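Here is the structure we will look at.
The values are calculated or read from the model by the stated rules, or taken from the named source; none is laboratory data. Nothing here was measured: the structure is a model prediction, and the numbers come from that model. Please note: Cβ atoms are built from the backbone with ideal geometry, for glycine as well, and neighbour counts cover all protein chains shown.
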Amino acid sequence: MNKISSIWFRYLRGEAHYQFLLLFNETVNEHPAVRSIAGPLYDDFTVWLNRESKVVDMQKTSLYTERIVEVNLRADRLITGISKVVSAGMYHFNPAMVAAAKELRIRLKAFGRIQWKAYKEKSAAIGILIADFRLPDYAPPVDLLGLTPWIDELENTHNHFDHLLKQRNIEWTQKPQDRLIDIRRQIDSIYRRIVERINSAETFDTEGVYLPFIRQLNTLIASFNKHYRPPKTSDRPPSIVTSDG
C-alpha cells in the first residue's frame, strides 16, 4: 500500500511553506485523475493559495523583512554560541566550571530549540531566557562561564529584533491584508483533507492510477523535510502550527 508521506509544515518557515504548496499545486495539475478526485477541495485550495501568495509578496516588499531576517539569524548564532560555551564547560578541568555548565544546560534544555520557533514565540522565549540568566540564582554560573557579554549582546539583538517586528506590524496595519497564520491554518487543513482523499482512493486503486503522483509528491516531501527540519528531531512530525514569520 502506497501512501502520501507527512510533511513537516511546522518547520516550513517564511516563504518555504508557500513554495511547497505551490509545487504541490503544480504536481496535482500534472495528474488529471488526482485533480478529479480532489474535487471542490482543490478549488478551495487554490483560493487560499492565492491569498497566501499575496501576503508573501507583501512581506517580500516590506521595508523591514530583510532586516528582520538578518537580525533573526544573528540571534540564532548567539543562542548557538551560548549553547556551545555551556557544552564546552561540561568538559572543563575545573569542577566549579562543570557544575555551572550543568546548571545552565538544564535551564537551556527547558526552552527546546529556540532557533526553530516562529518569530513571536522565539521573541518571547529569548526574553524569558535573558531574564532568567539575569536572576541571582543564575548570575554566578553565567559569569563564571564568561557568558555575561553573550547575554548582553543577545539582549541588544533581541531588542532590535522586537523593534523591527513592531515596525513591520505597524506597516502591515496600514495595508488591508489577511493574517498569514490564519491563511496557513486554512490551507494546511484543506491540504490534509486532499491527501486523505487521495490516500483513500489509492487503497481501492487496482490499476495504479494514483501511484505516479504519490511517488512524485513523496519525493518532494522528502526533499523539504530533509532541508527544513532541525537536526536530531524525532521521526514523528509535530502538530501543524504555522506562523506569521
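For the range 15-32, which positions are in contact (Cβ under 8 Å) with a residue 60 or more places away in the chain and either crowded, with 18+ Cβ neighbours inside 10 Å or within 13 Å of residue 223 (Cα to Cα) (or both)?
Those that are in contact (Cβ under 8 Å) with a residue 60 or more places away in the chain and either crowded, with 18+ Cβ neighbours inside 10 Å or within 13 Å of residue 223 (Cα to Cα) (or both): 16, 17, 20, 21, 23, 24, 28, 31.
On the given criteria, is residue 89 surrounded by 14 or more Cβ atoms within 10 Å (Cβ to Cβ) and touching a His at 6+ places or on another chain (Cβ under 7 Å)? Before you say what the answer is, go through the steps one by one.
Values: surrounded by 14 or more Cβ atoms within 10 Å (Cβ to Cβ): yes; touching a His at 6+ places or on another chain (Cβ under 7 Å): no.
No: the conditions fail for residue 89.
Look through the range 62-108, keep the residues that are of a type in the set (A, V, I, L, M) and not in a helix (DSSP H, G or I), and return whichever of them is nearest to residue 146 (Cα to Cα).
Selected residue: 90.
What single numbered condition from (1) in the same structural domain as residue 204 (by TED's automatic domain parsing); (2) free of Cβ contacts under 8 Å to residues at least 60 places away in the same chain; (3) among the hydrophobic types (A, V, I, L, M, F, W, C) fails to hold for residue 38?
Against the list (1) in the same structural domain as residue 204 (by TED's automatic domain parsing); (2) free of Cβ contacts under 8 Å to residues at least 60 places away in the same chain; (3) among the hydrophobic types (A, V, I, L, M, F, W, C), residue 38 comes up short only on (2).
Could you check how many residues of the range 109-131 are assigned to a helix (DSSP H, G or I) and within 16 Å of residue 155 (Cβ to Cβ)? Give the derivation first.
Kept after step one, since they are assigned to a helix (DSSP H, G or I), are these residues of the range 109-131: 109, 114-116, 119-131.
When the remaining residues are screened for being within 16 Å of residue 155 (Cβ to Cβ), the result is 114, 122-131.
Here the count works out to 11.
Considering 173, 148, 157, 80, which residue is in contact (Cβ under 8 Å) with a residue 60 or more places away in the chain and among the polar types (S, T, N, Q)? Even if it seems obvious, please write down each step before you answer.
Working: 173 fails: in contact (Cβ under 8 Å) with a residue 60 or more places away in the chain; 148 fails: in contact (Cβ under 8 Å) with a residue 60 or more places away in the chain; 80 fails: in contact (Cβ under 8 Å) with a residue 60 or more places away in the chain.
So the residue among 173, 148, 157, 80 that is in contact (Cβ under 8 Å) with a residue 60 or more places away in the chain and among the polar types (S, T, N, Q) is 157.
Report yes if some residue within the range 42-61 is outside any helix (DSSP H, G or I) and more than 30 Å from residue 156 (Cβ to Cβ); otherwise report no.
Here is the first cut: in the range 42-61, the ones outside any helix (DSSP H, G or I) are none.
Among the residues of the range 42-61, not one is outside any helix (DSSP H, G or I) and more than 30 Å from residue 156 (Cβ to Cβ), which makes the answer no.
If you take just the helices (runs of 4 or more DSSP H) that sit entirely in the range 132-245, which of them hold at least 2 residues that are closer than 20 Å to residue 30 by Cβ and modelled with pLDDT under 95?
Per the criteria, 180-203, 211-228.
Kindly provide the set of residues from the range 100-128 that are hydrophobic (A, V, I, L, M, F, W, C), free of Cβ contacts under 8 Å to residues at least 40 places away in the same chain and over 18 Å from residue 230 (Cβ atoms), ordered by number.
If we filter the range 100-128 for residues that are hydrophobic (A, V, I, L, M, F, W, C), which is where we start, we get 100-101, 104, 106, 108, 110-111, 114, 116, 118, 124-126, 128.
With free of Cβ contacts under 8 Å to residues at least 40 places away in the same chain added as a condition, the list becomes 106, 108, 110-111, 114, 124-125, 128.
Within the range 100-128, 106, 124, 128 qualify.
Kindly check whether there is at least one residue in the range 50-58 that is in the same structural domain as residue 211 (by TED's automatic domain parsing) and of a type in the set (Lys, Arg).
yes
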